[in-house]
Amino acid sequence: MKRVITYGTFDLLHYGHINLLRRARELGDYLIVALSTDEFNQDGKHKTCYFPYEKRKQLLEAIRYVDLVIPEENWEQKEQDIREYHVDTFVMGDDWKGKFDFLKPYCQVVYLPRTPEISSTKVRRDLEEGAGR
Ligand code: C2G
């Protein structure tokens, strides 16, 4: 069984995230999503989430491509996660290209093209401006 892992906040969940999760899952047989906790978002990523961790986790677990959701609590856990979950492939969108190459000794590292026209920031801004899609 080929095991894939990816990391993120996934708030507000949108089709760009789904495109990423679908392609990540297609690289193997089992997809683990390490979901940023509320504390890590606040302290480590300086991101404010609309949905708290448990709700974001519930949404991700409902996605057919996702097999397991684990907490992402810090920047340093990736090597341990790769060992603990016997990960073969680490996947991120290419906005992170190169940033996780240090994981190459432990697993395959793949950066997938982002879905260009959508972002949580854009969704928030459009909603504030009353601009639907
Ligand atoms: N993504 C994408 N296309 C978009 C938006 C996001 O492919 N239009 C991808 C990102 O590249 C990332 C994943 O979806 O791989 C999750 O995006 P975020 O929740 O914004 O993740 P981020 O805050 O970048 O956290 O340790 C790594 C971090 O947890 C990554």
Between residue 112 and residues 5 or more places away or on another chain, the pairs with built amide H atoms under 5 Å apart involve 92, 93, 94
Stretched fully, the stretch from residue 73 through residue 125 gains (0.36 nm per residue minus C-alpha distance, one decimal, in nm) 16.0 nm
Once the in-chain neighbours fewer than 8 apart are removed, the aspartates and glutamates whose Cα is under 12 Å from residue 78 read 101
Mean accessible area per residue over the chain (1.4 angstrom probe, all protein chains present, square angstrom) is 58
Low-density loop trypsin sites (Lys or Arg not before Pro), the range 1-89, at most 16 other Cβ within 10 Å, DSSP non-H/G/I/E/B, are 2, 45, 47, 64
Calc'd 3J(HN,Hα), the range 105-119, phi into Karplus 6.51 cos²θ - 1.76 cosθ + 1.60 (θ = phi - 60°), Hz, glycine/Pro = x, comes to x, 9, 6, 5, 10, 10, 10, 9, x, 5, 7, x, 8, 10, 7
Compactness check, the chain: C-alpha Rg relative to the 2.2 N^0.38 Å globular estimate gives 1.04
Computed for the chain: size of charge dipole around the Cα centre, +1 on C-beta of each Lys and Arg, -1 on C-beta of each Asp and Glu, debye to nearest 20, value 440
Taking Cα pairs closer than 8 Å and at least 6 residues apart, the relative contact order of the range 47-123 in percent is 22
Of the accessible area of the chain, computed with a 1.4 Å probe and all protein chains kept, carbon and sulfur make up a percent value of 50
The answer for GluC sites (Glu not before Pro) in the range 33-133 that fall in a DSSP coil and have at most 16 neighbouring Cβ atoms within 10 Å is 73, 76, 117, 129
Candidate cut points under chymotrypsin sites (Phe, Trp or Tyr not before Pro) in the range 1-99, DSSP loop plus at most 11 other Cβ atoms within 10 Å of their own Cβ, are 75
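The values are calculated or read from the model by the stated rules, or taken from the named source; none is laboratory data. Being a predicted model, the structure only gives us computed values, none of them experimental. We place every Cβ from the backbone using ideal geometry, glycine too, and count neighbours over all the protein chains shown. Side chains included, ligands, DNA and RNA excluded: accessible areas come from the protein's heavy atoms. Shrake-Rupley method; radii C 1.70, N 1.55, O 1.52, S 1.80 Å.
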